[in-house]
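Contents: one structure, followed by commentary.
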Amino acid sequence: MDISDKGYQIDEIIKVVELQPVDVEALPIETIHLQGIIKKTGKNFLFQGKISGYYNHTCDRCLDDMQYKLDKEMVWLFERGQANIFLNSVDESDRHGESKHRKDKEEFDELAEKRIFQGDEIDLTPYIWEELVLDTPYKFLCSETCAGLCPVCGTNLNHETCSCNINREEEKAQLSNTKLSELLQGINLNLKEE
């Protein structure tokens, strides 16, 4: 499909499993909504748009099911060329010294802003996947004020209180002798006394 000067509008619901590379762990998101426009700008192509959807996961503190909203805007510049340009310059820089390295770094910084494609088609798949991976939270929380689970009896403290009467300061020290610790056996909890 030719992309005119007016651009090509994209508005698609995409199953994330269709974007996932082979032998890569799945992300906790089923579908995304990709909206945007790709325009020709001289010899290059510019994509402006956004990805939206919901990561479905359990809260890392209280284990309740939760959703984390994804709403990511992006601008990608595509240039037709060889994808291994920087790799070739790295080999040469090893042979030509420090001044060549500075020039290669400048070229790399410029290339990092551009996405290289070959042929007549621009495949957005790897770039969408990259955005999804980079935007996946390191820790999923149902809310910033999530109280978590009682380390003694396992009660979800967001929904009810328990009678364990535990001092939160002593919680870390007591964690190793609880039902919760049985659940977390094998995970390094980094319980160091301060």
**Request:** Return a yes/no flag: does the stretch 132-141 have any residue that is loosely packed, with under 15 Cβ neighbours inside 10 Å, free of Cβ contacts under 8 Å to residues at least 12 places away in the same chain and outside any loop (DSSP other than H, G, I, E, B).
**Result:** yes
**Request:** For the stretch 11-55, enumerate the residues that are in contact (Cβ under 8 Å) with a residue 60 or more places away in the chain and touching a strand residue (DSSP E or B) at 6+ places or on another chain (Cβ under 6 Å).
**Result:** Ile14, Val16, Pro28, Ile29, Ile32, Leu34, Ile38, Asn44, Phe45, Phe47, Ile51, Tyr55
**Item:** Residue that is farthest from Thr145 (Cα to Cα), among those in the stretch 39-81 that are small (Gly, Ala, Ser) and outside any loop (DSSP other than H, G, I, E, B)
**Value:** Gly49
**Complete:** Of the residues in the stretch 1-38, those that are modelled with pLDDT under 90 and part of a strand (DSSP E or B) number 1
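The values are calculated or read from the model by the stated rules, or taken from the named source; none is laboratory data. Predicted model only: the values in this text are computed from it and were never measured. All Cβ positions, glycine included, derive from the backbone under ideal geometry; neighbour counts span all protein chains shown.
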